[in-house]
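What follows is a set of notes on a single structure, which appears directly below.
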Amino acid sequence: MCGIFGVINFNGNHIDEQRLIRARDSMFHRGPDDEGLFINSDRNVGFGFRRLSIIDLSPGGHQPMSSQDGRFTIVFNGEIYNYKELGKRLEARGEKLHTNSDTEALLRLFILEGAECLSHLRGMFAFAIWDEKEKSLFAARDRFGIKPFYYSYSFNEFIFSSEIKGIRQYGKSLTTSIKAVDAFLKTGSIPNPLTIYKEIFSLSAGNYLTVKDNKYE
């Protein structure tokens, strides 16, 4: 179990590093072994990460993890069960892996195949990858929805987190969702993509989203 958090500003404002750290560390219990922070050169994109070390206990598994050229940066919560097999396939294609981390295997696979990489993954995961060249975000959740991925979007800002309280801690103004309350009273649960807050949604199991040019789909 790890904690991921991220924010993209579309209004020209720089990321507030202290707010980013507070949101990240509100999920300390998800990852007490290590912490990481990424802010891009334009300072309009920020990722936070709390790590629970399971695979590759060395610093090689540190996140956020960027590609060697700095174009792609990933935050990833979960475990890819077949990452060693994927690593061998990548090496057969001429890719040189520098760690024994499933995070690196996932990142390299996405760089080569984009969204098609999801068809090769066996495991439980929620991850987000920022493409600095295309100025776009790709995020995905495993088929069974084992790992959580919450997000909030407004005209000026896109925020994601492993937990709702990460978004709340960042300072997002929230109101109770009447639809969610109605669903809970009728069925005892809140269906995706709804959450108890009108401004926050849960990415459905087996789905992915992209964010670019101040819109997502």
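The values are calculated or read from the model by the stated rules, or taken from the named source; none is laboratory data. On a predicted model such as this, the values are computed, not experimentally measured, just so you know. Cβ: placed from backbone, ideal geometry, glycine included. Neighbour counts: every protein chain shown. Heavy atoms of the whole protein, side chains included, go into the accessibility calculation; ligands, DNA and RNA do not. Shrake-Rupley method; radii C 1.70, N 1.55, O 1.52, S 1.80 Å.
The overall shape of region 77-217, judged from the alpha-carbon gyration tensor, is prolate: a/c is not under 1.5, and a/b is greater than b/c. When Rg and the Kirkwood Rh are both derived from Cα coordinates, the Rg/Rh ratio for region 79-131 amounts to 0.91. The simple Förster model, with R0 at 30 Å and r as the Cβ-Cβ distance, assigns D33 and N192 a FRET efficiency of 0.50. Along the axis of the charge dipole computed for region 45-178 (Cβ charges of +1 for Lys and Arg, -1 for Asp and Glu, origin at the Cα centre), the listed residues A139, G70, S173 are led at the positive end by S173. In region 2-109, the inverse of the mean reciprocal separation of distinct Cα atoms equals 14.6 Å; this is its Kirkwood hydrodynamic radius.
The stretch between E134 and R43 holds 31.2 nm of extra length on full extension. This uses 0.36 nm per residue minus the Cα-Cα distance. Here region 142-214 is treated with +1 on each Lys and Arg Cβ and -1 on each Asp and Glu Cβ, and its dipole about the Cα centre works out to around 140 debye.
For region 1-57, the Kirkwood hydrodynamic radius comes to 11.7 Å, computed from all pairs of different C-alpha atoms. Using a probe of 1.4 angstrom and keeping all protein chains present, the accessible surface of the chain works out to 48 square angstrom per residue.
Site pair E17 and A115 shows an inter-label distance of 3.6 nm when each label is modelled 7 Å from Cα along Cα→Cβ.
With n ≥ 4 as the cut-off for DSSP H runs, can you work out [θ] at 222 nm for the chain, using -39500 (n - 2.57) per run divided by the number of residues, rounded to the nearest 500? After summing the helix terms and dividing by residue count, I get -6500 deg cm²/dmol. In this structure, the residue pairs whose Cα-Cα separation is over 24 Å, taken from K96/K133; K135/K198; K179/K212; K84/K147; K186/K215; K88/K212, are K135/K198; K179/K212; K186/K215; K88/K212. In plain terms, the chain from A205 to E91 could stretch by 38.0 nm, reckoned as 0.36 nm per residue minus the Cα-Cα distance.
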